[in-house]
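Presented below is the structure to which this report refers.
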Amino acid sequence: MIRKFIAITGVILAFTTLPALADLKIGVLSSADLMQKAPQIKAMQDQLKAQFERRQNDLEADAKKLQDDAQAFQKEADMLAPADRAKKEKDLSTRKIDIESKGRQLQDDFNSARQQQYAKVMDSIKTVIDAVAKDKGLDLIIENPPFAKPELDVTDEVLKRLQAAGTK
């Protein structure tokens with residue numbers, strides 16, 4: 001008896017919610033296309049590169065110099081006095097630790113800046129997506145569906161608006 005009641009209730013609920021679903025307007029969005037083609041993403045990447053490229057190049061130059069000095073030390077280590085040899089080893093070790101520390105700091109700074117800029121860019125992209133949904137009267141936008149009719153795709157409209165906003 002209870003099973004029959006649950007089954008009848010389920011059928012009634014299904015038929016009463018079908019009209020509500022028929023009025024639901026859905027759009028779909030390809031986030032991969034958006035991330036590849038949005039000018040704001042490219043601008044963010046360029047800004048990060050400009051901000052950190054010099055520090056990265058300086059760090060790489062320091063590492064190269066340390067490597068060259070270490071190779072020179074290995075060649076001449078046998079000819080050095082014990083005190084000079086210990087001093088040179090300590091200097092190389094200190095420089096190596098300093099370069100590793102600078103590398104970690106650079107990575108931390110880069111990650112922090114990337115996260116901050118990414119959050120800003122994603123906020124602006126979300127604003128554009130919301131505007132497109134509102135203008136098209138959409139109730140729901142699904143990101144990266146496995147299948148959708150091409151006429152439901154709003155990715156190109158979002159990209160157009162992002163490109164227009166990017167040129168301002």
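The numbers here are math on the coordinates, done by the rules we state, and not lab data. Owing to the predicted nature of the structure, the values given are computational and were not obtained by experimental measurement. Virtual Cβ from ideal backbone geometry, glycine too; neighbours counted across all protein chains shown.
Okay, here's what the table says:
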item: Centroid-to-centroid separation of region 104-130 and region 54-82 [C-alpha atoms, Å]; result: 36 Å
item: Answer label, with semi-axes √(5λ) of the Cα gyration tensor in Å calculated from the coordinates and candidates (1) 33, 16, 13; (2) 61, 24, 12; (3) 31, 21, 14; result: (2)
item: Cα long-axis angle, helix 39-76 against the chain (0 to 90 degrees, to the nearest 10); result: 30 degrees
item: Shape category assigned to region 23-84 from the gyration tensor of Cα positions, a/c cut at 1.5; result: prolate
item: Positive minus negative residues near Arg85 (Lys, Arg vs Asp, Glu; Cβ under 15 Å); result: -2
